[in-house]
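The values are calculated or read from the model by the stated rules, or taken from the named source; none is laboratory data. What you see is a predicted model, and the numbers here were worked out from it, not measured in a lab. As a convention, Cβ positions derive from the backbone with ideal geometry for all residues, glycine included, and neighbour counts pool all protein chains shown.
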Amino acid sequence: MEEELKCPVCGSLFKEPVLLPCSHNVCLPCARNITVQTPEGDAPVPSRASGSSDYDYLDMDKMSLYSETDSGYGSYTPCQLKSPNGVRVFPALVPHPHRHCSLTCPLCHRSVSLDERGLRGFPRNRLLEAIVSRYQQNRAASINTTTTTSSSSSGAIKCQLCDRNPVDATVMCEQCDVYYCSSCQQRCHPSRGPLAKHRLLPPQSQAAAAAGAEGAGGPGPPATARKPATCLDHEAENFSMYCCSCRAPVCMKCLEEGKHAKHEVKTLPMMWKQHKCQLSQALNGISDKAKDAKEFLVLLKNLLQQIQENGVEFEACLVAQCDSLIEALTRQKAKLLTKVTKEKEYKLKVVRDQITHCTMKLRQTTGMMEFCLEVLKENDPSGFLQISDALIKRVASSQDQWVKGALEPKVGPDFDLTVSTDSLLQTILQLDFCQGKVESGPPVPVAPLLQLEKCCSRNNSATLAWRVTAPCTSPIEGYILELDDGNGGQYREVYVGKETVCTVDGLHFNSSYNARVKAYNAIGVGPYSKTVVLKTSDVAWFTFDPSSAHRDIVLTNENQTVSCNSYDDRVVLGTAAFSKGVHYWEVSIDRYDNHPDPAFGVARINTVKDMMLGKDDKAWAMYVDNNRSWFMHNNSHTNRAEGGISKGANVGVLLDLVKRTLTFFINKQQHGPTAFDNLDGVFVPAISLNRNVQVTLLTGLEVPKNIKQ
């Protein structure tokens, strides 16, 4: 309550409080200090009052008055001055008969013009003055009890800030209500800054006042009754009526001859009881609010403890989840290392077996060569001819054992094992909390969870699998899978259905695709899952496609070797489709009889299958025999080049969709100029052959370096 009893200007307890029209109170001396005088139409004049003022003048030339006639008050005057308790105030000015006087409330900044009565026109708040008097008496009694207890041994008032063995107090701050010794006052209450305005009193005067109050009857109101309040306009008349229009007490003379003659008035006791009843009802309402606020504070304090406990528990759960992920990754690492070890042991065994076999064959061959050399040294014709036939056959048979590939390693030093961690790493980096709160009513499905262990990519195909993490009250009707364009562009739907596994074909090679999935039911569509990134192969690995091949085509060796049952040319396509990037593959000639002219190149998926490749407008090819070759598209033959193929030759095809060109190679050397340019669209590898040819497809090869324009 003490804050309600302090003047907003000086910060001390009210002394002779006056009631302003805005219902705020100020001390009468403070009201004199904050009165502003202005000539008609001029700014405030910063002249000092005859009495000394405790406030400094700051930027008084910037002060101005703004009319507020609509509010019922005089004017509003901004100010740069502050009281000791931080409230802006106005300096006191010298009265002048030709100047306009106004006073601005330091709390609401409403200004009111003073009439000829000056500050006497404001009613004195006797009720507040009586409450302040009672509060001072109660506080003095409490201080006296405390100081009497603390000074019972020495008979003097002790300092309230000394840590141990308090010494006698020398001063008492009226605003702080604290007793200080000299050292504590210099350390804790220096006379500078905002504390310079505080009033320091000798402790004896406070103790005497407290003792006097106690001797007069202790705490509580004085024994003598207060004088009745008198009218401001008629000082000899007591208040007896209440003006409902002006909301102020009035006397009988005000009703008879004053400005309240025609106003609605009621008796003072009746209005007193009525307003007391209204104030009591309002207090009951705010009391309930205060009770609710106390309960709310208890709830908040309990909430602090619950948050602390739940935070520790949640941190422990998070650490356990991360540890489980690390443990699973460690187990998977051990499995992968086991696979690498098995692959290494297999390669080592193959190479050791090949070393043993080759060493044995070399020893046998060397022994036979030494024996043959000794036979050649003999000069006996009959003896030589006796064994020469068998020896020649033996040498020829031994030579046949060193066929092509016998002196080539069966395994290479590189490991054909690849671990793609890009998508997993991105998923780990995107690991975040999801909100578990579900709106009331039937919910839409939750976001599906992509199963990273089942999501993979092969060549230009991507397989994605997902599952639902939480049951839904309404059954899920299906899922929508979306992929971007491989360049971070917009997403597009690639699958809509009930399955939880989907393989998407026909993607670009050497591209990274972002994939996401969402579920839907009768209520609506749920949120997206987290995004997973799948990277297609850098180079194309593919085979011949039996589903689109002509019926005369025969595929073996896991669809990598192709032959034909017809003397006519038949077309077979590859399983890969290209629309961007650079791709190179080769075709090895396994059998070549009677000088046929097979064709190699690319085609659309709907090219004609029962004629030579390149005769229609949907294929671009090079056909070649044992002596020369031609480029052909739409049955147009161009760029004859010398040089052909035979058994064991390799024909290479380079499709560069960056430069939009098609180039051919024979035995790693470019054959002729660039065959075709300005290629655009989707192309599949293709060849045409008859029964005189058998070829094997070789894919995943590096692009040749020696390319001529």
Handout entry: Check on S324, within 30 Å of L431 (Cβ to Cβ) and either polar (S, T, N, Q) or surrounded by 12 or more Cβ atoms within 10 Å (Cβ to Cβ) (or both)
Key = yes
Practice task
Could you please tell me which pairs satisfy a Cβ distance under 6 Å, a separation of 6+ or placement on different chains, a first residue in region 338-364 that is surrounded by 11 or more Cβ atoms within 10 Å (Cβ to Cβ), and a second residue that is among the charged types (D, E, K, R)?
Solution key: V350/K410; Q354/K410
Practice task
Could you list all residues from region 417-433 that are over 19 Å from T338 (Cα atoms) and either surrounded by 10 or more Cβ atoms within 10 Å (Cβ to Cβ) or in contact with a strand residue (DSSP E or B) (Cβ under 7 Å, 6 or more places away or on another chain) (or both)?
Solution key: D422, S423, L424, L425, Q426, T427, I428, Q430, L431
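Going by the conditions given, is S153 modelled with pLDDT under 75, hydroxyl-bearing (S, T, Y) and not in a helix (DSSP H, G or I)?
yes
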Exercise for the section: Go through (1) under 21 Å from C564 (Cβ atoms); (2) assigned to a strand (DSSP E or B) and name the single condition H637 misses. Expected result: (1)
Problem - Count of residues meeting criterion [among the acidic types (D, E) and either touching a Phe, Trp or Tyr at 6+ places or on another chain (Cβ under 8 Å) or assigned to a helix (DSSP H, G or I) (or both)] in region 1-40 - result: 3
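Output the residues belonging to region 660-692 that are assigned to a loop (DSSP other than H, G, I, E, B) and of a type in the set (S, T, Y).
T674
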Problem - Selection status of E477, in a strand (DSSP E or B), at pLDDT 90 or above, at negative phi and of a type in the set (D, E, K, R) - result: no
Exercise for the section: Could you tell me which of the residues A603, A619, A599, A577 is in contact with a strand residue (DSSP E or B) (Cβ under 9 Å, 6 or more places away or on another chain) and modelled with pLDDT under 90? Expected result: A577
Practice task
Please find, within region 657-694, the residue that is nearest to S579 (Cα to Cα) out of those that are in contact with a Pro (Cβ under 7 Å, 6 or more places away or on another chain) and surrounded by 19 or more Cβ atoms within 10 Å (Cβ to Cβ).
Solution key: I687
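Among the residues that make up region 600-612, is at least one of them in a strand (DSSP E or B), closer than 20 Å to N565 by Cα and either of a type in the set (A, V, I, L, M) or within 56 Å of the chain's Cα centre (by Cα) (or both)? Before you say what the answer is, go through the steps one by one.
Going through region 600-612, the residues in a strand (DSSP E or B) turn out to be 600-603.
After this cut, where a residue has to be closer than 20 Å to N565 by Cα as well, the list is 600.
Subsequent filtering for residues that are either of a type in the set (A, V, I, L, M) or within 56 Å of the chain's Cα centre (by Cα) (or both) retains 600.
Yes, region 600-612 contains at least one residue that is in a strand (DSSP E or B), closer than 20 Å to N565 by Cα and either of a type in the set (A, V, I, L, M) or within 56 Å of the chain's Cα centre (by Cα) (or both).
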Problem - Scope region 559-581; condition of a type outside the set (F, W, Y) and under 19 Å from V504 (Cβ atoms); matching residues - result: G574, T575, A576, A577, S579, K580, G581
Practice task
Being farther than 19 Å from F122 by Cα and of a type in the set (A, V, I, L, M) is the filter; apply it to region 242-277 and report the residue that is surrounded by the most Cβ atoms within 10 Å (Cβ to Cβ).
Solution key: V265
Handout entry: strands (runs of 3 or more DSSP E) (entirely within region 492-582) containing at least 2 residues that are surrounded by fewer than 18 Cβ atoms within 10 Å (Cβ to Cβ)
Key = 492-497, 501-504, 512-521, 553-556
Practice task
Filter region 389-416 down to the residues that are in contact (Cβ under 8 Å) with a residue 12 or more places away in the chain and not in a loop (DSSP other than H, G, I, E, B), then identify the one that is nearest to E343 (Cα to Cα).
Solution key: Q401
